[in-house]
Every structure is written in C-alpha cells, then in structure tokens.
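To start, the structure itself, in structure tokens.
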Amino acid sequence: MVEQSDEHALIKRSINGDHDAFAQLMERYAGSVFNLAYRMLGNAQEAEDASQEIFLRAYTNLARFDQARRFSTWLLSIGLNYCIDRLRRRRFAWLTLDDVVLSVPTLAKGPERSAIEQEERDAVQRALLRLPPTYREVAVLRYWNDLSYEEIMQVTGLPESTIKTRLHRARRMLAEALRAEGVVHEEIPS
Amino acid sequence: MRIHSTNDEHDDAFRQALARSGALDPREPTTDLVAGTLRRLPHTSPRVAARRAAIRQALRRATTIAAVALLVIPAAIGALNLMRGVETPIGAFASTSGPSHMRAVILATIGQRLEMSPVRALVGALVWLVQIMAVVLILGFWPRRSAVAGMTLLAMPFRAFGTGLLAIGLLIASVAALLTLLTATLVGLPIAAIVFILAHVPVALGIAVSARALGFRLAHHSHPTYDLDYHLMILAAALLALPAAMVTFISIPAALPVLYILAIPGIGALIHSQGGLQPVSTA
C-alpha cells in the first residue's frame, strides 16, 4: 500500500516534468519492460532499443494515465503494443537467433551441465519466437511477466475466454516445438 | 526438462517446467536503460511533450501528403501529355535548337571541358573526397544500424549482392520511368532533378554499409562490435572510394556505374537487415 502511494507520488512528480521521479519509476520497471521486449522480439539489442522507446512513449502519455489503473499493467500494455507494432513492421519473417546462438554458457555449474541448460533456454526462446505474436504475447505475460488473467485482460484488452484459449494453444505449440527439439522427454497428452 | 501436459488445468506445471529449464530466468540488458532513456527524455513536462509530439506527427503527415502530391500530380500530367502526344519541354527545346545543335552545345559546355586531364584529376579527387565524407557522415549518424547491416553483409555476402542487384535494378527502372513522366511537364522538371538526387541516397547508404563491412574485415573482428573505430572507418571508406575516383581518369560518366556496383552489396545487406534493425547471423 505504501509502495502504491509512493508510486502515485512519483507519477505525479513525473507529470510535472520531474525527471528524477520518472527515473525512479524506470528503475522499478526496467527489468520487466526489457524482458517483455526481449521475449517478444527475440533479440537483446532490439529489446534495449525497444525498452527505451517504450519508456519514452510512457513519458509522453503520462498525463493521460488513469491513476485508478495499475502503473505496471499500463506500462506493459504500452510495451506490448509497441512490440506488436515493431513485429508488424518487419516485412520478412526471419528469426533472429544470434543472441541465442552466440551466447556463451557460464562455467559456474560446470561446463557440461551449463551447456545443457543453455541449450534448453535457447530451445525455449526459439520455440517462443515461432509462436504467432498473438499467442506469444499472452504466453510472455503469463509466464515471463507472471501476470494473472485479470492483469493480462487489462494489458491486452482481451476477454478472459480469449486469453485462456490463446494460452492453451500457446502452451500446446510450445510443448510440441520443445518436443521436436528434443528438450521434452515424454509424450504430451492431447 | 519435463512438461507434464498442455492442458489448461496444468498451467502451474507448465510454468514449473519452464522455470526448471531456466527459461524464465530474467535477462539483463547490457546497457543502462534508465540512463539511456533519461538522455532522450524531452526537457518538458509530459503534457507539453505530448502536444509537441502531436504537432510533429501532424507536420510529418502533411509533409508526406505534400511530397506525394508533388510527385503524383506532375507525373500524372506528364503521363497525360505523353499519351496525348503533347510536345514535352525537352522536346520543344530540341526542336527549336535542333537535336544536333543541342548536342553540340552540351558537348561544348560540359563534355569538352571534361576531356581535359587536369579537370579529370580534379573530378577524381572530388569523387574520392565526397565519397569518404558521405561514408563517414552516414556511419557517424547511424553507427549501430550500419554495424548491423555490415555484420549482415559479412554473414551473407552473396545473398546480399543478389538482393542489392535486384533492388538497384528496380530502383533504376522506377526512377527512369518517373523521370520520363516528370520531364514531360515544365513544372515536373525541378521535381525530376530532386528525384534524381534523392535516388542516389540508397547508393550512398549502400556504399557506407560496404565500407563498414570492409572495416570489420580489416580489423579481423570475429564478433564485430557496435563501437565505431573512426580511423579504421576512414581507411575503409578511402579504400572503397578509390575505384570510382580512378575510373574518372578514363571516363567521368563511368564513375557512376562503379559507385552503383560498390553500393549493391551494402543495399542488399540493408534490405536483409531491415535497415540495420534486424541482424542476420551466419547461424
């Protein structure tokens, strides 16, 4: 509750043009905005650019922010719309997996185990990027941003039934893609 | 990694399976997002920034509409003139002065002077310098996008060349058609000159990308970085500008095709990397 009122104070100060207050808001949500962009776009470099653009859009639209809403869901809805726009602008459906391919596994858990885990993470990211954007967005919000159905409804503006259907299909497609990659070791019930 | 079911009721099981694989681990940005965004924030309050953004957008739209109208209306009038067989301004000039006379005038004013070797040397040096300046400027303005396109060129040189060849062919064909229509009206003549100049912007961008790729190659980067090594870039630009400059000693008009050829791979890489926004790896 204290955090919520503190957030409202920061928003009010930001609306008055206080950059320090907006910087504090950005500090809070930089991680979730970046991860949303990264999972949606599939490229860290592009996700960094996108994150900055999302925060700039949020700042420009801050005066129109309805304080009855949660700032996090409002910010994520701006982020999601931006990522979808960016995906639409992509004329060609190339998968950019250079981040995944070029990343070097850490040696903390031993090279073999680390390499296996890295491969699993890469496989999940590849499978995620193969999902249609409409399915990818609900999967990312649900599993990577850890949002409830109600919060996903607020972010996407979709009814709960559509979200559940898309999530179900996204899960099935992800599981099938991971099975095809050899990451899932057991049969998936239909 | 084990996934138990794709059933809607097994939402948590799916999440746990993803978590076990480490796929849900948050990814950290490599740059300071907050500092980077703060540098780009408008110096005004969000309300004023929103108003200014709306004005900018309206201006952009108006400019686009005006540019399209400036292009489409004279081109349409030109097409109508050509269909009706109306004498075009260039045709009128040729008929009053006579084609042979016009050619002689042009040769006398431009051609013969270009035959002189000091002039050729001067033009060659100018072509070389202008190319270097253009490349350095483009790379300075778009270091990241040019780097991404340069990396793409190194990753797929043959595909980039093929795509670039196709793109430049289409560009030449469409610009030639547009110039034919625009020069069929008097009002279209200055627009035709602007179109001709603007048509060379992709060529300049293509050469810059080719120079960036050459710079990476000269630096023997196994994994090229976004940082711009200015000395290396100037060296690469100077090397790449040499062929067109040298060709001017034989024939000045021949420098243009050389510039196009140098730009082809860069243009292809720009298309493949979607204007340097989308890197394409070798993998």
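The values are calculated or read from the model by the stated rules, or taken from the named source; none is laboratory data. Predicted model, so just to flag it, every value in this text is computed and none were measured. Every residue, glycine among them, receives a Cβ derived from its backbone with ideal geometry; neighbour counts consider all protein chains shown.
Which pairs do you get when a residue that is facing chain B (nearest Cβ under 9 Å) and over 18 Å from A:Arg136 (Cα atoms), found in region A:160-189, comes within reach of a residue that is part of a helix (DSSP H, G or I) and modelled with pLDDT under 75, reach meaning Cβ atoms under 7 angstrom, with the pair 6+ apart or on two chains?
Taking only residues 6 or more apart or on different chains, the pairs are A:Val183/A:Glu120.
A:Ser32 fails exactly one of the following numbered conditions: (1) in contact (Cβ under 8 Å) with a residue 60 or more places away in the chain; (2) assigned to a helix (DSSP H, G or I); (3) more than 9 Å from chain B (Cβ to nearest Cβ). What is the number of that condition?
Condition not satisfied by A:Ser32: (3).
Check A:Gly157 against each of (1) crowded, with 21+ Cβ neighbours inside 10 Å; (2) under 14 Å from A:Leu76 (Cα atoms); (3) over 15 Å from the mean Cα position of the chain (by Cα) and name the one condition it does not meet.
Going through (1) crowded, with 21+ Cβ neighbours inside 10 Å; (2) under 14 Å from A:Leu76 (Cα atoms); (3) over 15 Å from the mean Cα position of the chain (by Cα) one by one, A:Gly157 breaks only (1).
Mind listing just one residue for me: the one in region B:168-212 that is crowded, with 19+ Cβ neighbours inside 10 Å and small (Gly, Ala, Ser) and, of those, farthest from B:Ile271 (Cα to Cα)?
This residue is B:Ala184.
Count, please, the residues in region A:20-62 that happen to be out of contact with any Leu (no Cβ under 8 Å at 6 or more places or on another chain) and among the aromatic types (Phe, Trp, Tyr).
Selection size over region A:20-62: 1.
Just checking, which of A:Arg69, A:Arg39 is under 30 Å from B:Ala23 (Cβ atoms), assigned by TED's automatic domain parsing to the domain that holds A:Arg86 and surrounded by fewer than 17 Cβ atoms within 10 Å (Cβ to Cβ)? Spell out how you get there, then give the answer.
Numbers: A:Arg39 fails: surrounded by fewer than 17 Cβ atoms within 10 Å (Cβ to Cβ).
Step by step, each of A:Arg69, A:Arg39 is checked, and only A:Arg69 is under 30 Å from B:Ala23 (Cβ atoms), assigned by TED's automatic domain parsing to the domain that holds A:Arg86 and surrounded by fewer than 17 Cβ atoms within 10 Å (Cβ to Cβ).
Looking only at residues that are of a type outside the set (A, V, I, L, M, F, W, C) and within 9 Å of chain B (Cβ to nearest Cβ) in region A:1-17, which one is nearest to the chain's Cα centre (by Cα)? Before the answer, list the steps.
Going residue by residue through region A:1-17, those that are of a type outside the set (A, V, I, L, M, F, W, C) are A:3-8, A:12-14, A:16-17.
Applying the additional criterion that residues be within 9 Å of chain B (Cβ to nearest Cβ) yields A:14, A:16-17.
On the way: A:Ser14: 24, A:Asn16: 29, A:Gly17: 28 Å.
Filtering region A:1-17 for residues that are of a type outside the set (A, V, I, L, M, F, W, C) and within 9 Å of chain B (Cβ to nearest Cβ), the one nearest to the chain's Cα centre (by Cα) comes out as A:Ser14.
What pairs come out if I take residues in region B:157-186 that are at negative phi and pair them with residues that are among the aromatic types (Phe, Trp, Tyr) and surrounded by fewer than 19 Cβ atoms within 10 Å (Cβ to Cβ) whose C-beta lies under 8 Å away, six or more apart or interchain?
Correct list of pairs: B:Val175/B:Phe196; B:Leu179/B:Phe196.
Check region A:150-164 and report whether any residue there is of a type in the set (Ser, Thr, Tyr) and outside any helix (DSSP H, G or I).
The first filter runs over region A:150-164 and keeps only residues of a type in the set (Ser, Thr, Tyr), leaving A:156, A:161-162.
Among the residues that remain, those that are also outside any helix (DSSP H, G or I) are: none.
Checking region A:150-164: not a single residue is of a type in the set (Ser, Thr, Tyr) and outside any helix (DSSP H, G or I).
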